[in-house]
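We did not get these values from a lab; they are worked out from the coordinates using the rules stated. Small disclaimer: the values here were computed from a predicted structure and weren't measured. Using ideal geometry, Cβ is built from the backbone for each residue, glycine included, and neighbour counts are taken over all protein chains shown.
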Amino acid sequence: MNGSTTWAILVAAGSGERLGADRPKAFIALGERVLLAESLERLDASAWIDAVVVAVPPAWEEAAIVLAEELVASKVAAVVPGGVTRAASVRAALVEIPDDALVVIVHDAARPLIDDAMIERVLGPLAEGYDGVVPGLPLADTVKRVERGLVVETLDRSALVAVQTPQAFTATALRSAYAGPDPAGATDCASFVEARGGRIRVVAGDTRLLKITTGADLALVESWLGEPPPG
Ligand code: CTP
Ligand code: MG
């Protein structure tokens, strides 16, 4: 892997409890293929990505390796068993990334429709000195903070974004963020880097990067398969 500088971590080790299928979410059908195939093929084809590490549920490594072979996804450097939490899966994948990597992009397999435009958008600001870059979408609904069923406050929606993946980081920032304990309430990679004082830049997200959580999400993303990305 000499000269590989931009690595992708594809986290696909979740169980998909909310989807409630008979197998892990990454291996359910999306169109003609398994869900994992979509993002794996797209990352592998991206000129921005040098190598990919995939985290899958324990006992699904062989299935992922066979899939990578079928897709001729030649940038797959390792398939690792993930952990109990998303953070544990990211940690397991980070172990496989060599010291000479400069940039790491972390992506949820549950968001299949990643494209090169988005990868380029999150990579750009890293050159300007940010520790990380995340896609964010404006919120349509009013957002309130609630405690025990009582509204505590209504938040200023204009200052809030819903954050997606792919998230890009300098390898140094991501490694040091995951070297310590999990920060309280951290659900994405950026929150680990934020907790260490890292500077995270937000760029425009993409509604097609919807995270498949329920059957309705799956049907929606399936309907977008094969359509050109919006203007
Ligand atoms: N993920 C992971 N390892 C875990 C948990 C999640 O790699 N222990 C990955 C999932 O595979 C997914 C992404 O993180 O690509 C976002 O997680 P989520 O959408 O919550 O997927 P699941 O945890 O599988 O779904 P659920 O929470 O409904 O069980
Ligand atoms: Mg989950």
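Highest average first, the peptides 76-84, 124-132, 213-221, 5-13 ordered by how many other beta carbon atoms sit within 10 Å of their residues are 5-13, 76-84, 124-132, 213-221. For the peptides 45-55, 146-156, the ranking by mean Cβ contacts within 10 Å, running from highest to lowest, is 45-55, 146-156. Between Glu69 and Thr154, the simple spin-label model (points 7 angstrom out along Cα→Cβ) gives 5.9 nm. For Lys144, a cut-off of 20 angstrom between C-alpha atoms picks up these aspartates and glutamates, skipping any fewer than 8 places away in its own chain: Glu153, Asp156.
Place a label point 7 angstrom from the Cα of Glu222 along the Cα-to-Cβ direction, then list the residues of region 13-38 whose backbone nitrogen is under 20 Å away. Answer for region 13-38: 15-38.
Taking a straight Cα-Cα cut-off under 18 Å and skipping sequence neighbours fewer than 8 places away in the same chain, the lysines within cross-link reach of Lys211 are Lys25.
Positive contributions from Lys and Arg (+1) and negative ones from Asp and Glu (-1), summed over other residues with Cβ under 13 Å from the Cβ of Pro24, come out at 0.
Charged side chains reduced to their Cβ positions (Lys and Arg at +1, Asp and Glu at -1) give the chain a dipole of some 720 debye around its Cα centre. Think of the chain as having a plus end and a minus end, set by charges on the Cβ of Lys, Arg, Asp and Glu; of Thr214, Ala109, Ala78, Thr214 sits farthest toward the positive end of this dipole.
For Leu102, what is the net charge nearby, where nearby means another residue's Cβ is under 14 Å from its Cβ and Lys, Arg count +1, Asp, Glu -1? Net local charge, Leu102 excluded: -3.
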